[in-house]
């Protein structure tokens, strides 16, 4: 009998293709296990999207389920006067209240992610007395975040795009409510939305995981690479050859048309080709559209121009 690995993500109608590619990569890379994916949504997805998700689940004999946030969530939210979109960014703080009682741990993944390896080892990590397992953020080199959020500078600042969540711990210790309380009492301290909240609440309740499980693209930019501690620089270079989870945490995404390719763009494109969203068109740049198209599809492939991508590799 296959082991079941639970995945949590969130999307809306506009982000469905990227959520679909992410789940395709997780399913394709983990055929040795059953994967049950729970998708947080604030309203039902279009029928076409639901059919594609159903085909994706059937292809791999996995499960895809929807967790619908009802309007009562908004009544519990302590911040007034915020836009509905802003409130939606905090939905996963409440996920433990929505998941089935049979789910005891779950792996949260942002949609700008590719799972390019097996998750067995990560899934079996001992989470006793820990709320979550996570990986340091690109800004961990600075203690400014800890000071701003008022927790010890010795603790790391983690990236919340990948989190192995101990759902039982969250329920027992009411972590979701603690997060909402922190928002209500310290909203003026928040700059990075729910990531700040999670760091402030979980700073002494988290387990640091290997970098391979959240290999953030920004680590490879010359600017951020040069700011890291020497040990982290070496870790970044050592992990580059074969990261398990690639996080395209960068202002440009692999589905955006630019005249250069991001590191690991070919990996994202591979999983897109085998997904139910293979014909999704790339998004156009907001400025100099024609120039970027000419450079991307004519000059760059033909070797008529070179560029400095700003990346270490």
## Note on the structure
Per the list (1) touching a helix residue (DSSP H, G or I) at 6+ places or on another chain (Cβ under 7 Å); (2) surrounded by fewer than 20 Cβ atoms within 10 Å (Cβ to Cβ), residue check on residue 243 breaks on (2)
### Task
Scan segment 13-42 for residues that are in contact (Cβ under 8 Å) with a residue 60 or more places away in the chain and out of contact with any strand residue (DSSP E or B) (no Cβ under 7 Å at 6 or more places or on another chain) and jot them down.
15, 16, 17, 18, 20, 21, 24, 28, 32
#### Entry: Test set (1) under 18 Å from the mean Cα position of the chain (by Cα); (2) more than 29 Å from residue 229 (Cα to Cα) - residue 116 fails condition number
(2)
### Query
Can you name every residue in segment 58-82 that is at pLDDT 90 or above and over 20 Å from the mean Cα position of the chain (by Cα)?
58, 59, 60, 61, 62
### Task
Kindly indicate whether residue 207 is touching a strand residue (DSSP E or B) at 6+ places or on another chain (Cβ under 8 Å) and not in a loop (DSSP other than H, G, I, E, B).
yes
## Note on the structure
Checked segment 83-111 for anything more than 19 Å from the chain's Cα centre (by Cα) and modelled with pLDDT under 75; matches are 83, 84
### Message
For the list (1) at pLDDT 95 or above; (2) on the phi < 0 side of the Ramachandran plot, I need the number of the one condition that residue 174 fails.
### Response
(2)
### Query
Which residues, taken from segment 181-192, are in contact (Cβ under 8 Å) with a residue 40 or more places away in the chain, in contact with a helix residue (DSSP H, G or I) (Cβ under 8 Å, 6 or more places away or on another chain), in a helix (DSSP H, G or I) and surrounded by fewer than 20 Cβ atoms within 10 Å (Cβ to Cβ)?
189
#### Entry: Selection within segment 131-147 - modelled with pLDDT of 95 or more and surrounded by fewer than 16 Cβ atoms within 10 Å (Cβ to Cβ)
147
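The values are calculated or read from the model by the stated rules, or taken from the named source; none is laboratory data. These figures come from a predicted structure and were not determined experimentally. Cβ sites come from the backbone with ideal geometry, for glycine too, and all protein chains shown count toward neighbours.
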